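Undergrad: Pasting a structure below so you can have a look.
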Amino acid sequence: MEDIKFEVKHLNLYYGDFQALKDLNINIKANRVTALIGPSGCGKSTFLRTLNRMNDLVDGVKITGEINMDGKNILSDKINTIDLRTKVGMVFQKPNPFPMSIYDNIAYGPRCQGVKDKKILDEIVESSLKAAALWDDVKDRLNKNALGMSGGQQQRLCIARAIAMKPEVILMDEPTSALDPIATQKIEELIDILKKDYTILIVTHSMQQASRVSDDTAFFLLGEIVEFDSTLNIFSNPKNKKTEEYITGRFG
Amino acid sequence: MEDIKFEVKHLNLYYGDFQALKDLNINIKANRVTALIGPSGCGKSTFLRTLNRMNDLVDGVKITGEINMDGKNILSDKINTIDLRTKVGMVFQKPNPFPMSIYDNIAYGPRCQGVKDKKILDEIVESSLKAAALWDDVKDRLNKNALGMSGGQQQRLCIARAIAMKPEVILMDEPTSALDPIATQKIEELIDILKKDYTILIVTHSMQQASRVSDDTAFFLLGEIVEFDSTLNIFSNPKNKKTEEYITGRFG
Amino acid sequence: MKKRTIMDGIQYLFIFLASAISIISLVVIIVFVLRKGLSHVSWDFLTNSFSPSDPNSGILPMLVGTLYTVGVTLLIATPISICSALYLHEYAKANKITEVIRFAIDGLASVPSIVYGLFGFSLFVTILQPFTNGYSILSGSLTLSIMILPVLIKTIEETLKTIPNELREASYALGASKVQTIFKVILPTSLNGIISAIILAIGRIVSESAPLLLTAGMVYYMPEGIFSSSRTLTTHLYYLASEGVSDEQRAQAFATATILILVIVALNLIVKLVARRIQKKVG
Amino acid sequence: GGRSTSEGITSMIIGGSTSIQPLMESIAETYNEKNDALVSIQGGGSSVGIKGTEDGTFQLGMVSRELKPEEAKQLDQTIIALDGIVVVVHKDNPVDSITMEQLKDIYTGKITNWKNIGGANKEIAVVSREEGSGTRDGFESIVGFSSSDLIRNSDIQNATGSIISDVSVNEHGIGYISLGSLSDSVKVLKIDGVLPSEESVKDGTYKIQRAFLLVQKKGEKQGSELFDFIFSEEGKKLIEAHNYIPVERK
Amino acid sequence: MKRMHSKLRIDAIFKTVVFFFTCISVIALAAILIFTLLKALPLFKEVNIIEFITSDVWSPSTEQFGIASFVVASILTTILACLIGIPVGLYTAIFISEIAPKKIASFVLFAVEILASIPSVIYGFFGLTVMVPFVQKLFNIRSGTTLFTASLILALMILPTVVSLSTSALKAVPKTIDEGSLALGATKMQTIMKTKIPYAKSGILTSFLLGLGRALGETMAVMLVAGNANMMPQLIPISEAYLNGGRTLTGNIIMELAYASGTHEAALFATGVVLFIFVCLINIIILRVKRKGVAHS
Ligand SMILES: Nc1ncnc2c1ncn2[C@@H]1O[C@H](COP(=O)(O)OP(=O)(O)OP(=O)(O)O)[C@@H](O)[C@H]1O
Ligand SMILES: Nc1ncnc2c1ncn2[C@@H]1O[C@H](COP(=O)(O)OP(=O)(O)OP(=O)(O)O)[C@@H](O)[C@H]1O
Ligand SMILES: [Mg+2]
Ligand SMILES: [Mg+2]
Ligand SMILES: O=P([O-])([O-])[O-]
């Protein structure tokens, strides 16, 4: 059996009075790509953002249950969220580089941790850009503003930025939905490479993408996980009728 | 052979220097549903908005070519766009009811035409709401603000609003992409009913939706129409390799 | 169809008329001031000190007084308003306390300037006289800095609003603390906006008169520091307009008004340039 | 006297009546130059001058009206000059002269048209100073009516320059200002046949006049050098140059 | 780990600092209120509040303090200023946001912004030397310093507030709303009047109210042109009120503060308090309007 990275137990999440996640129980395995699919508003993003406590930033969120990451409950008050987020990186739907140079974008995280040594930073920048398959594109213009890059490059920069923190997990919330087909393909290839070193969770609206990139797939509906299985099983042999209807496009 | 509603000849459209539509030639048949599909940015919306001259509102648009609607070139300077738009109704991606009562929303178009008679307006409101399958939902609260309705109801209101103008054509630009599955289903059922009386063009990102609701499908790519055929043919037997790749989800 | 065209036509007519009125009023005022004032503006006028008995004296002390007032006021108000904007946009939860704070800021924004004058006069000039030396640049600036707080806070908050939330989330997701996010991402990104807010505030300070009359006084000497009483260009203009009796003083009044208008136009142009730069950056 | 700054320069703040302000400004200018002092002049108004002197904001207060009894208990006063209050009208007004009685009737609303006193058929637009003004105090007490009798639709301006502006553009207007502030954009009326001038004020034939005072806290002897200067020949010249009438020190 | 905790501590400290600075606004507002009230208090030992507000006899020399006529004058000038300034402002806003080509629109907006920042002393100066004689000749009246002149100047002064806020309110209307209307065959003007303005209602109303507040609180310009006559405007016929001089609340304060002492001074501070109360009322209305606006979007 593979290692379990996140062990989610009886997770409930409320935005004020509205319950967005309902008694989730799921084990996310390490060094695999897990896809989260489901119709709009079913709680995929919410769940993803619980894994690095990003929901803490939203007013009026209440969470119950447990999420054990490597055996430690990350929902506990004692957890240092800043620490947690360096271990669990995140890539967002819309590429969101900082309005600074490419170099500074990558160096941002390490610098926030107190890394000041120019040599170490140089190294981190280079290795992260290489890991994100972006080094060759940008090595000659590291000091240019990152906003001048194309959308696909920007998104790879955001991945590189996350990698620079040497995280254990990378969360991706519809990372390609703002990109064109060619850029999308590049990101998908990148995910394939990255999964050797990282545990990856990806939210996607595209059945095709889920089936192409993921090892496991969780199907969300109205805040519940209806089905969780290997991607192969989900797509070829869904056990739940709703799952089947969804992936064959009969609704959603 | 069916009647041809729009005969598009050598249509080119430029946003400033950027050519968004490239030499389009297509015949849209009357009283059928034509779906426009293709990856993001390929020009679907642009084409749709050319059919009711909505692009006139954008600065720096240049159009060449011809679009004959019932034999008259609607791109000509002599065309009264206000007249044209009463004949070619439109429904947008995000439901956009006006911030007024349900009744006033529907009566808005006729009133702009100068209809003042309360009885006639009452009739129009009722028949339009019935045609949009919304009458039973709202008949008791016609004077309530339309913004208090659910998303799906709002979208049907927008359809009713378009119907109130007794148009010949209804253009829909991703009309369900902001809606939940149940509301989507209702709209799709509605389209099926409406096509008896109206010529409908619908832009959609969902292959499933295109195959469910449309009679003909046009596949756009980078401003060109790659393939146009009956929906059945496009989905079961695409002639172009790109089309096939796109509908099977290998890109996009 | 006909009727519609006529109705539309009437509306258009009103619209053009109204816009014409707006533009023409501006042109009339500016032409009125410049025509009578420009000829009296000279290098000497700008660099000579003022003397009521000398018709050829200048306005250097008032220029310096204005600079002092602007400088001290901004020194006090800018940090307060940046902090307030940060609090309201980055920290404040939607609760009673926030509501009270927002109400207070809206309240401050609508307090008539004469009431600021009354307040500044009774607190800074009278009660705090041992610290402010009574009528002084300091008293004036303290009064004005309260007065411009709402403008500054609101415009800076507007800038903060334009920073997409994704940038904040990106920073937190990289393990940055809130303070790091604020100082490394939010403030640098909003720098241009903060600058144009400050320039707008300068405009307010430069054009204010009633509160300054009551708090900074009317001494026309070159100010020696923040404890000196001093006239700004605007209070000087008020003095010339209301106490000036001779033709020479009239001419000086128009010349001072000319300088003020030029300063105002320049400040507005700078704001526009900065705003354009922001747009380029965002767009 | 006064405060001393670190360099030993005498610095002093004088504030109060805006009518005396221009005169004191030029006195201070010359005095500062000669004595290396820093006397600065603040406006505000007579009452501000009194209050400021009482609470120490000013070392000396300029007052252009008589002190009220309770104020006189706190303060010492020194008359530094006499001032005529002149009545002005629009330049094109044919009226040249007016009697004290007519003036009173105009200001109390009994005469409301210029034709009644030999002018054009125009309604009279009365312009006055604000309550508390020294000029107004002096004018009303000598012309002989009380503040509450002032015609109600009278324009009120709170500065000499504004009165001149007001009257200079209005053929209907009549106002009163300090002799020293007279400008040639308005026309001066004779009162009972006497044209206001330094001479006529000094010899008392021009009746509407008042005193300019400097006040200071009882017992304090601040600025005695300044007073020396004001009452010196040079000071008197300055006062005359402003069209006020110098007086002897009492 | 150590460093991590210090980061959180810095966060907490910074939050406190920032909060403290934010409170200054609240303290300042309270201080303004308290100081003006305290300074106004001595008046009410002599005169009761009702009399102060309802009497139209203001005669400091006889210790009679009634501000009714100033309240009426303030209301009259504010109303007329709004009647002129608001339509002109709104129509200019429509021109800028809907009709003018980009370049012209940004020029008009720029002009309006300049109008906004011209010192009110200049408006007053301009009013005194240009508008006052003009109004006098126009109506052939005794004096051009009238409430009408003051209203004209005020209309000009509130114009920028109305224009710039209404413009942003109109610009904030989502494009989907006007596209919706145009697609229904409405003309551009119908779209603006029937959909955009209702949609932007709360923003536009707020701009009106802020303009109103500005008109009420303006001091210098009004004082220079209103004539400041100490009398109750005669309301019938209304032209009688506007074509005579009058004194606003603000004018009364700035006019007499320099010469006031004792009860007189307190009465002027009390005038300030009354002004303050008016402004608070407007503010509360604005708050209501905004709440409604939030509710409907
Ligand atoms: N900050 C919030 N406050 C209140 N409700 C929220 C908030 N964020 C999300 N929700 C609600 O929680 C539910 C789940 O939202 P979530 O964003 O997780 O859905 P999703 O599956 O990611 O949808 P999508 O595919 O559209 O991104 C939705 O009904 C949404 O309206
Ligand atoms: N107003 C405009 N100015 C300039 N370019 C535009 C404008 N509107 C659209 N475009 C460009 O024209 C191309 C076609 O746009 P269009 O909106 O028609 O695409 P689409 O197929 O509808 O895409 P989507 O599926 O994302 O809605 C895109 O490259 C787009 O960037
Ligand atoms: Mg989501
Ligand atoms: Mg589109
Ligand atoms: O300014 P006044 O001299 O009239 O008090």
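Undergrad: Sorted by accessible area with a 1.4 angstrom probe, largest first, how do E:58, C:43, B:135 fall?
TA: Putting E:58, C:43, B:135 in descending order of accessible area: C:43, B:135, E:58.
Undergrad: Under 15 Å Cα to Cα from residue D:202, which aspartates and glutamates show up? Leave out anything in the same chain fewer than 8 places away.
TA: Counting by Cα, and skipping residues close in sequence, residue D:202 has these aspartates and glutamates nearby: D:83, D:240, D:248.
Undergrad: Please state, to two decimals, what the Cα-based radius of gyration of the stretch D:83-186 comes to when divided by 2.2 N^0.38 Å (N = residues).
TA: Ratio of Rg to 2.2 N^0.38 Å for the stretch D:83-186: 0.96.
Undergrad: Of E:205, A:172, D:159, which is farthest on the positive side of the dipole of the protein assembly as shown, counting Cα position, with +1 on Lys and Arg Cβ, -1 on Asp and Glu Cβ, and the Cα centre as origin?
TA: Result: A:172, furthest along the dipole toward the positive end.
Undergrad: Here is a further query. So, by mean Cβ neighbours within 10 angstrom, what's the order for E:145-155, D:151-161 with the highest one leading?
TA: Sorting E:145-155, D:151-161 by mean packing, highest first, produces E:145-155, D:151-161.
Undergrad: Compute the orientation-averaged projected area for the stretch E:129-173 from the convex hull of its Cα atoms and round it to one decimal in nm².
TA: Average projection, Cα convex hull of the stretch E:129-173: 3.7 nm².
Undergrad: Could you tell me how far the Cα centroid of the stretch C:105-120 sits from the Cα centroid of the stretch B:94-134, in Å?
TA: A separation of 49 Å, based on Cα centres.
Undergrad: For the stretch B:38-107, what does the equivalent ellipsoid look like in terms of its semi-axes, each the square root of 5 times an eigenvalue of the Cα gyration tensor, given largest first in whole Å?
TA: Taking √(5λ) for each Cα gyration eigenvalue gives 24, 18, 11 Å.
Undergrad: Please compute the average number of Cβ atoms from other chains found within 10 Å of each residue's Cβ in peptide A:84-94.
TA: Mean inter-chain Cβ contacts per residue within 10 Å come to 3.
Undergrad: Next question, about the same structure. Could you go through the stretch C:91-102 in sequence order and give the Karplus-derived ³J(HN,Hα) for each residue, using 6.51 cos²θ - 1.76 cosθ + 1.60 with θ = phi - 60°, rounded to whole Hz, and x for Gly and Pro?
TA: In residue order, the calculated couplings are 10, 4, 8, 6, 9, 4, 4, 4, 4, 4, 4, 5 Hz.
Undergrad: I need the phi-derived Karplus couplings for the stretch B:60-72: 6.51 cos²θ - 1.76 cosθ + 1.60, θ = phi - 60°, integer Hz, Gly and Pro marked x.
TA: x, 8, 10, 10, 10, x, 9, 10, 9, 10, 6, x, 10
Undergrad: Just read off the accessible area of residue B:197 with the full protein assembly in place, 1.4 Å probe, to the nearest 10 Å².
TA: 110 Å²
Undergrad: Okay, next question. Order the following by accessible area, largest value first: C:28, D:88. Probe radius 1.4 Å; ligands, DNA and RNA are ignored.
TA: Of C:28, D:88, the descending order of accessible area is C:28, D:88.
Undergrad: Would you pull out the residues with amide H under 5 Å of residue D:97's amide H, same chain only if 5 or more places away, H placed 1.01 Å from N?
TA: Amide H neighbours of residue D:97, under 5 Å, 5+ apart: D:190.
Undergrad: Whole number please: convex hull volume per residue, Cα atoms of the stretch C:1-40, in Å³.
TA: 36 Å³
Undergrad: Which shape class, rounded, prolate or oblate, goes with chain C when its Cα gyration tensor gives a ≥ b ≥ c as root eigenvalues, a/c under 1.5 marks rounded, and past that a/b bigger than b/c marks prolate?
TA: Because a/c hits 1.5 or more and a/b fails to exceed b/c, chain C counts as oblate.
Undergrad: Considering amide H positions built from the backbone, and no H for Pro or chain starts, which residues 5 or more places from residue D:209, or on another chain, come under 5 Å of its amide H?
TA: Amide H neighbours of residue D:209: D:85.
Undergrad: Over all Cα pairs of the protein assembly as shown, how is the pair count split among 20 Å bins, expressed in % and running from 0 up to the last occupied bin?
TA: So the P(r) values, bin by bin, are 9, 31, 29, 19, 10, 1, 0.
Undergrad: Once amide H atoms are built 1.01 Å from N in the peptide plane, which residues 5 or more positions from residue D:176, or in another chain, come under 5 Å H to H?
TA: Amide H to amide H, under 5 Å and 5 or more residues apart or across chains, residue D:176 pairs with D:88.
Undergrad: Less than 17 Å apart at the alpha-carbon level, and either on another chain or at least 8 residues along: which lysines does that give for residue D:110?
TA: D:122
Undergrad: Expressed as a whole number of Å, what is the distance separating the alpha-carbon centroids of the stretch B:8-36 and the stretch D:42-98?
TA: 85 Å
Undergrad: Accessible surface of residue B:49 in the full protein assembly, 1.4 angstrom probe, to the nearest 10 Å²?
TA: Answer for residue B:49: close to 30 Å² accessible.
Undergrad: Let me ask something else about it. Please work out the Cα center distance from the stretch D:110-137 to the stretch D:156-222, rounded to the nearest Å.
TA: 15 Å
Undergrad: With the contact rule set at Cα under 8 Å and sequence spacing of 6 or more, what percent relative contact order holds for the stretch A:4-247?
TA: In percent, rounded to a whole number, it is 28.
Undergrad: Across the residues of D:146-154, average count of Cβ atoms on other protein chains within 10 Å?
TA: The mean count of partner-chain Cβ atoms within 10 Å per residue comes to 5.
Undergrad: Could you grab the Rg to Rh ratio for the stretch C:188-283? Cα atoms only, Kirkwood for Rh.
TA: Radius of gyration over Kirkwood radius for the stretch C:188-283 works out to 1.11.
Undergrad: Please state, to two decimals, what the Cα-based radius of gyration of the stretch E:49-296 comes to when divided by 2.2 N^0.38 Å (N = residues).
TA: With N residues counted in the stretch E:49-296, Rg over 2.2 N^0.38 Å equals 1.14.
Undergrad: Excluding same-chain residues fewer than 8 positions from residue C:272, which aspartates and glutamates have a Cα within less than 15 Å of its Cα?
TA: Output for residue C:272: E:113.
Undergrad: Can you find, among C:182, C:263, C:162, the residue farthest towards the positive end of the dipole of chain C? Put +1 on the C-beta of Lys and Arg, -1 on that of Asp and Glu.
TA: C:162
Undergrad: Taking a 1.4 Å probe, which of C:277, C:102 shows the most accessible area, and what order do the others take after it?
TA: Putting C:277, C:102 in descending order of accessible area: C:277, C:102.
Undergrad: Could you list, in their original order, any pairs among A:118/A:186; A:144/A:196; E:171/E:290 whose Cα atoms are separated by more than 22 Å?
TA: A:118/A:186; A:144/A:196
Undergrad: Here is a further query. Per-residue ellipticity at 222 nm for the protein assembly as shown, helices alone: DSSP H runs ≥ 4 residues times -39500 (n - 2.57), over residue total, nearest 500 deg cm²/dmol?
TA: Result for the protein assembly as shown: -16000 deg cm²/dmol, rounded to the nearest 500.
Undergrad: Per-residue mean of other chain beta-carbon atoms within 10 angstrom of the beta-carbon, peptide C:224-233?
TA: Rounded to a whole number, the mean comes out at 2.
Undergrad: For q = 0.12 Å⁻¹, what log10 I(q)/I(0) does chain A give under the Debye formula with an equal point scatterer on each alpha carbon and no solvent?
TA: -0.70
Undergrad: Let me ask you something else. Could you tell me what percent of the DSSP beta bridges with both partners in chain A are antiparallel, to the nearest 5?
TA: The antiparallel proportion sits near 60 percent.
Undergrad: Quick one: putting +1 on the C-beta of Lys and Arg, -1 on the C-beta of Asp and Glu, what dipole do you get for the stretch D:91-150 around its Cα centre, in Debye to the nearest 20?
TA: In total the dipole reaches around 200 debye.
Undergrad: With unit charges on the beta carbons (Lys and Arg positive, Asp and Glu negative) and the dipole taken about the Cα centre of chain A, which residue among A:204, A:109, A:65 sits farthest to the positive side?
TA: Towards the positive end, the residue furthest out is A:109.
Undergrad: Let me ask something additional. Listed here are the pairs B:87/E:188; A:94/A:166; A:44/C:154; B:72/E:102; A:78/A:130; A:130/A:195; which of them are more than 27 Å apart at the Cα?
TA: A:44/C:154; B:72/E:102; A:78/A:130
Undergrad: For the stretch A:19-75, calculate the relative contact order in percent as a whole number, restricting contacts to Cα pairs under 8 Å that are 6 or more residues apart.
TA: Relative CO of the stretch A:19-75 lands at 25 percent.
Undergrad: More than 19 Å apart: what percent of Cα pairs in the stretch B:152-231 qualify?
TA: The answer is 36 percent, as a whole percent.
Undergrad: Given 4 °C and 1.567 mPa s, how large is the Stokes-Einstein diffusion coefficient of the stretch B:192-244 in µm²/s, with Rh as the Kirkwood radius over Cα pairs?
TA: Diffusion coefficient, whole number: 110 µm²/s.
Undergrad: Please state the charge dipole magnitude for the protein assembly as shown, taken about the Cα centre, from unit charges on C-beta atoms (+1 on K and R, -1 on D and E), reported in debye and rounded to the nearest 20.
TA: Here the protein assembly as shown has a charge dipole of around 3120 debye.
Undergrad: Here's another thing I want to ask about it. Pop a pseudo-label 7 angstrom from the Cα along the beta-carbon direction at both residue A:58 and residue C:94 and give the gap in nm to one decimal.
TA: 1.3 nm
Undergrad: Using unit Cβ charges (K, R positive; D, E negative) and no other charged atoms, how large, in debye to the nearest 20, is the dipole of chain C about its Cα centre?
TA: Once rounded to the nearest 20, the dipole reads 1220 debye.
Undergrad: Enumerate the calculated ³J(HN,Hα) couplings along the stretch B:208-217 in order (Karplus 6.51 cos²θ - 1.76 cosθ + 1.60, θ = phi - 60°), each rounded to whole Hz, writing x wherever the residue is Gly or Pro.
TA: My calculation for the stretch B:208-217 gives 4, 4, 4, 5, 6, 9, 9, 8, 10, 9 Hz in order.
Undergrad: Here's a follow-up. Would you tell me the accessible area of residue B:207, worked out with a 1.4 angstrom probe on the heavy atoms of the protein chains, in Å² to the nearest 10?
TA: Rounded to the nearest 10, the figure is 20 Å².
The values are calculated or read from the model by the stated rules, or taken from the named source; none is laboratory data. In this text, all values refer to a predicted model and were calculated from it rather than measured experimentally. Here the Cβ is made from the backbone with ideal geometry for all residues, glycine too, and neighbour counts use every protein chain on show. Calculation scope for accessible area: heavy atoms of the full protein, side chains included, ligands and nucleic acids excluded. Shrake-Rupley method; radii C 1.70, N 1.55, O 1.52, S 1.80 Å.
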